[in-house]
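Report on one structure; see the data block that follows.
The values are calculated or read from the model by the stated rules, or taken from the named source; none is laboratory data. All values reported here derive from a predicted model rather than from experimental measurement. Cβ placement follows ideal geometry from the backbone for every residue including glycine, while neighbour counts extend to all protein chains displayed.
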Amino acid sequence: MSRFDWDYLIQKDRVHRSVYTDEKIFRLEMEKLFGGVWTYLCHASEIPNENDFKTVTVGFRPLIVTRDKNGDVHAIVNRCSHRGAVICKAKSGSSTRFTCPYHGWTFRNDGKIMGPSFPKLYENTFDRDAHNLSKAPRVESYRGFIFATFNEEIVSLVDYLGPAATYIDHWVDRAPEKEIIVDAGAYRGLYHGNWKLAWDNAADGYHVNFAHRSLVEMTAIRNGAGQGASYMGSDPDDSPMYVKQFPNGHTLLHHRPGMGPSIWRQARPMPGREFYEDKIKRKLGEEAGASALELAPGYGVNLNIFPNLLLLANQIQVVEPIAIDKTALIWHATRLKGADDDINLLRMRIGEDFPNFGEVDDLEMFELCWRGLQTSEIEWINTSRRAPEEQVDEAGVLTATATDEAPLRGFLHAYREFMKRDSVNAVA
Ligand code: FES
Ligand SMILES: [Fe+2]
């Protein structure tokens, strides 16, 4: 049983500061959430071939995500079965085997031990099967997104995603061949603060007009008021954008209804924009070129799969807690399989925009919250902003106006239920 009174700490319209600042709670989160629910590891296209691998960290557990010679994917714990050292230090690569740098034990890329080095002294005493590398007991994927859990009792990944999976489908189905490709490296940002500050913000349509003021004004000057990010400038409560709160803490902020008929027209300036627009229209024709250009920017959603996967515009963001006060946000550019090369090139260019000109605003807000929350005498954080027309459908999905704090409450309430559970994690 948990010794925390979760119903006290997370209430209908407020959350206790200790949920963000208590070290013991942070440690429990790494156990019960990262590893205890379905946690995103990487995209299938990052390990496309037999023997490819990528290393990731899931709630302090170093993992090697491998594709073995049969094409099966494993989430191997990157911890030597000898004395516990991390075996693979590379970020990614291709290898049939991994050799521990400490005493040279070697393992296959499905985790099976090949042998301890200089085995003579182990003779008759060495139980090989007991020294295979451990693995996450369950690895499942959805539309190329690979997740793992150490909790054998959790529902299937599809059931965990629930109605949020439809929005993953929308996002991926924009690709002419209905697949996305992640192969362009990553932009890694760090902020000084708790990881959930990023979650508080993930579907927050309320902060845009203030935290992103310079971006809103610049967009309005370029595109005219009332479109793109500038829709937030006038009366954000009445914007046609909306938020959704799904079961299990997943959330959505849907910008598309506020973006006018063309998303491409709303995209901010980028190097080569005019040149490539012209080139694509000459190559594909005016009409087909114009509709291909609509695939370059994001789809107009922030879709957030609890606890660590965010689909933002045309990118993937992974939330990686490093310490209670240190969080990495890792942005991966994506290509659309089957799209024209110049469209995919523009996607890369657009991918440089928000992390540099928008995300920096958010990171500053997270750090300001973190500093303010150090005031131990003030206990509560307000989460009460609620539109009168909030509606919950039969699938348990709540829809509300974009400035409603429903997504914030939704993920915290799911979090509370996950944190109440007894820990049942295990390795395979
Ligand atoms: S810790 Fe890996 S071989 Fe010794
Ligand atoms: Fe923001």
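Yes/no matrix, rows are residues, columns are (1) free of Cβ contacts under 8 Å to residues at least 12 places away in the same chain; (2) surrounded by 15 or more Cβ atoms within 10 Å (Cβ to Cβ); (3) not acidic (Asp, Glu):
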position: Asn78; (1), (2), (3): no, yes, yes
position: Ser81; (1), (2), (3): no, yes, yes
position: Cys88; (1), (2), (3): no, yes, yes
position: Gly104; (1), (2), (3): no, no, yes
position: Asn124; (1), (2), (3): yes, no, yes
position: Asp127; (1), (2), (3): yes, no, no
position: Glu140; (1), (2), (3): no, yes, no
position: Gly144; (1), (2), (3): no, yes, yes
position: Ala148; (1), (2), (3): no, yes, yes
Give me the pairs: first residue in the range 40-54 and free of Cβ contacts under 8 Å to residues at least 12 places away in the same chain, second residue β-branched (Val, Ile, Thr), beta-carbon distance under 8 Å, and six or more apart or on different chains, which are they?
none
Which is within 24 Å of the chain's Cα centre (by Cα) and modelled with pLDDT under 95, of Gly396, Gly410?
Gly396
Scope the range 60-76; condition under 17 Å from Ile322 (Cα atoms) and surrounded by 21 or more Cβ atoms within 10 Å (Cβ to Cβ); matching residues:
Arg61, Leu63
Return yes when Arg27 is at pLDDT below 95 and not in a strand (DSSP E or B) and no when it is not.
no
Within the set of pairs 6 or more residues apart or between chains, which connect a residue that is farther than 21 Å from Ala288 by Cβ inside the range 333-353 to a residue that is of a type in the set (Ser, Thr, Tyr) with Cβ atoms less than 9 Å apart?
Ala333/Tyr187; Thr334/Ser45; Gly351/Tyr187; Gly351/Thr334; Glu352/Tyr187
The residue that is farthest from ligand 1 (Cβ to nearest atom), considering only those in the range 98-113 that are touching a strand residue (DSSP E or B) at 6+ places or on another chain (Cβ under 8 Å) and farther than 16 Å from Phe53 by Cβ, is Ile113
Could you tell me which of the residues Thr66, Thr21, Thr55 is of a type in the set (S, T, N, Q), under 19 Å from the mean Cα position of the chain (by Cα) and within 30 Å of His250 (Cα to Cα)?
Thr55
Does the range 307-327 contain any residue that is in contact (Cβ under 8 Å) with a residue 60 or more places away in the chain, under 27 Å from Thr21 (Cα atoms), among the hydroxyl-bearing types (Ser, Thr, Tyr) and away from ligand 1 (no atom under 16 Å from the Cβ)?
yes
For the range 242-346, which fully contained strands (runs of 3 or more DSSP E) count at least 3 residues that are more than 18 Å from Asp204 (Cα to Cα)?
315-323, 326-333
Tally the residues that are out of contact with any Cys (no Cβ under 8 Å at 6 or more places or on another chain) and either without any contact (Cβ under 8 Å) to a residue 12 or more places away in the chain or over 12 Å from Pro355 (Cβ atoms) (or both), restricting the search to the range 179-194.
10
Restricted to the range 283-306 and to residues being aliphatic (A, V, I, L, M) and touching a residue at least 40 places away in the same chain (Cβ under 8 Å), the residue farthest from Arg268 (Cα to Cα) is Ile305
Can you find a residue in the range 194-204 that is basic (Lys, Arg), closer than 30 Å to Ser239 by Cα and away from ligand 1 (no atom under 16 Å from the Cβ)?
yes
The range 195-211: number of residues that are of a type in the set (D, E, K, R) and either without any contact (Cβ under 8 Å) to a residue 12 or more places away in the chain or under 12 Å from Glu320 (Cα atoms) (or both):
1
Is there a residue in the range 35-49 that is in contact with a Cys (Cβ under 6 Å, 6 or more places away or on another chain) and of a type outside the set (A, V, I, L, M, F, W, C)?
no
